[in-house]
Amino acid sequence: MAGHQHTDDSGAAPPVLLTPGPLTTSERTRRAATVDWGSWDRRFNDLTASVRHRLAAASGAARPVLCVPMQGSGTFAVEAAVRTLVAPGDRLVVAVNGTYGARIADMATRAGRRAVVVEASTDVPVPVDAVADAFEQHPDARHLAVVHCETSTGLLNPVEDLADVAHQMGRALIVDAMSSFGVLDTAIDHPAVHAVVAASGKCLEGLPGMGFVLVPPDVLDAAAGRCDSLSLDLVDQHRYMERTGQWRYTPPTHVVAALHEALLQYEEEGGAPVRLDRYRANRGALDAGMAALGFRHYLHESLRTPIIQTFHSPDHPSWSFPTFYELVKQRGFVLYPGKLTTEETFRVGCIERSRPPSSPRRSAPSSRLWTQWASPSLFHRAD
Ligand SMILES: Cc1ncc(COP(=O)(O)O)c(C=O)c1O
């Protein structure tokens, strides 16, 4: 069982991150990052090859897909997919019902791709009909970009239905599956899905610092020469890696090594179904505790994922999220602020590892754990 033996500067065990990544990782994963690898070392190149192979397997794809890793946070990998698959000047339909969808529209526009934004409210899925209308109005838009789990709320978008419509209309999807990859079905085998993008530090429970794009080989081949960025060109990244076994530019060696170890644990644990069950159990404990405390969910139950939950801030004159955050942190847990501009909310991630039973400070998630927050003093400013 993963331990939490590390301490912060003061010698205390650091709090558990109830955030959607970076998240609390296992001792075993962190230990793998303590080895310094040379980027030319054959054993490191073997690690990279193994990580790529295991990521493709973790995707659950039945058809052949290539895994092209990309240095940087998740956004770098999403931007690499957009700029490699969509040619400069081309139109791209972007489904937006939260921050991460809006970010794709922004990165596409800045890179000279013409974004056609199909916008929905942050508490509803992107309507499939509206996307079909956008394709109808813009016959030259060959791609749709959509966020699978919109982490700014935790909402699940209907990727399979969108892929069906795209397929009927001869278009392709770029799926930002950053916070869902490894636990939820990303529709990777759908013929309209041309890219699935995710990163090391989310549900795979690795360290942050590396993204990756899963792409069918013929799609990647067809995109050769399209990318107008040197460092974000997935075709060049892939070809160089295939030729040399090495990363094109300095690899995030420690992150790769930690991800390899995290993937071994993912496989040992039983992969997606078992991890999904674990996150569902975390969500069950959270929901029970939060309901007992009177907190209300932002999203309708049918739209929520066991990745992250968004709660309305209490309508109370003494409510202060920074104070709440600090008080919860003193109890050993780190929350996440809301990302909505129209409503006061905050978020709690469910994608964390269980505590070892021996930990004196924390036990495995249970409704008792969540009701540690129950003190009414949490709702009052500490002044
Ligand atoms: C759905 C989604 N897309 C993109 C990103 C951006 O990733 P990063 O912050 O690692 O650049 C995130 C980060 O949480 C995300 O949840």
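The values are calculated or read from the model by the stated rules, or taken from the named source; none is laboratory data. Bear in mind the structure is a predicted one, so any value in this text is a computation, not a measurement. Every residue, glycine among them, receives a Cβ derived from its backbone with ideal geometry; neighbour counts consider all protein chains shown.
Just name the residue that is farthest from Ala58 (Cα to Cα) out of those in region 205-222 that are buried (at least 16 other Cβ atoms within 10 Å of the Cβ) and out of contact with any strand residue (DSSP E or B) (no Cβ under 8 Å at 6 or more places or on another chain).
Restricting to residues being buried (at least 16 other Cβ atoms within 10 Å of the Cβ) and out of contact with any strand residue (DSSP E or B) (no Cβ under 8 Å at 6 or more places or on another chain), the top hit is Leu207.
Look at region 124-142 and say how many of its residues are outside any helix (DSSP H, G or I) and crowded, with 18+ Cβ neighbours inside 10 Å.
Total satisfying the criteria: 4.
Out of all the residues in region 71-93, is one or more charged (D, E, K, R) and without any contact (Cβ under 8 Å) to a residue 40 or more places away in the chain?
No, region 71-93 contains no residue that is charged (D, E, K, R) and without any contact (Cβ under 8 Å) to a residue 40 or more places away in the chain.
Name the residues in region 31-90 that are closer than 15 Å to Ala257 by Cα and of a type in the set (Ser, Thr, Tyr), would you?
Result: Thr34, Ser39, Thr48, Ser50.
Given the options Arg248, Arg304, name the one that is among the basic types (Lys, Arg), at pLDDT 95 or above and out of contact with any Phe, Trp or Tyr (no Cβ under 6 Å at 6 or more places or on another chain).
From the options Arg248, Arg304, the qualifying one is Arg304.
Would you please name the residue that is surrounded by the fewest Cβ atoms within 10 Å (Cβ to Cβ), looking only at residues in region 40-56 that are within 23 Å of Leu214 (Cβ to Cβ) and out of contact with any strand residue (DSSP E or B) (no Cβ under 9 Å at 6 or more places or on another chain)?
Here the answer is Asp46.
Could you pull out the residue among Val65, Val86, Val51, Val78 that is within 16 Å of the ligand (Cβ to nearest atom) and among the β-branched types (Val, Ile, Thr)?
It is Val78.
Would you say Asp106 is away from the ligand (no atom under 11 Å from the Cβ) and either outside the structural domain of Gly209 (by TED's automatic domain parsing) or under 30 Å from Tyr249 (Cα atoms) (or both)?
yes
If you scan region 118-127, which residues turn out to be in contact with a strand residue (DSSP E or B) (Cβ under 6 Å, 6 or more places away or on another chain) and without any contact (Cβ under 8 Å) to a residue 24 or more places away in the chain?
Glu119
So in region 70-86, with the set limited to residues that are over 14 Å from the mean Cα position of the chain (by Cα) and aliphatic (A, V, I, L, M), which one is surrounded by the most Cβ atoms within 10 Å (Cβ to Cβ)?
In this case the residue turns out to be Ala81.
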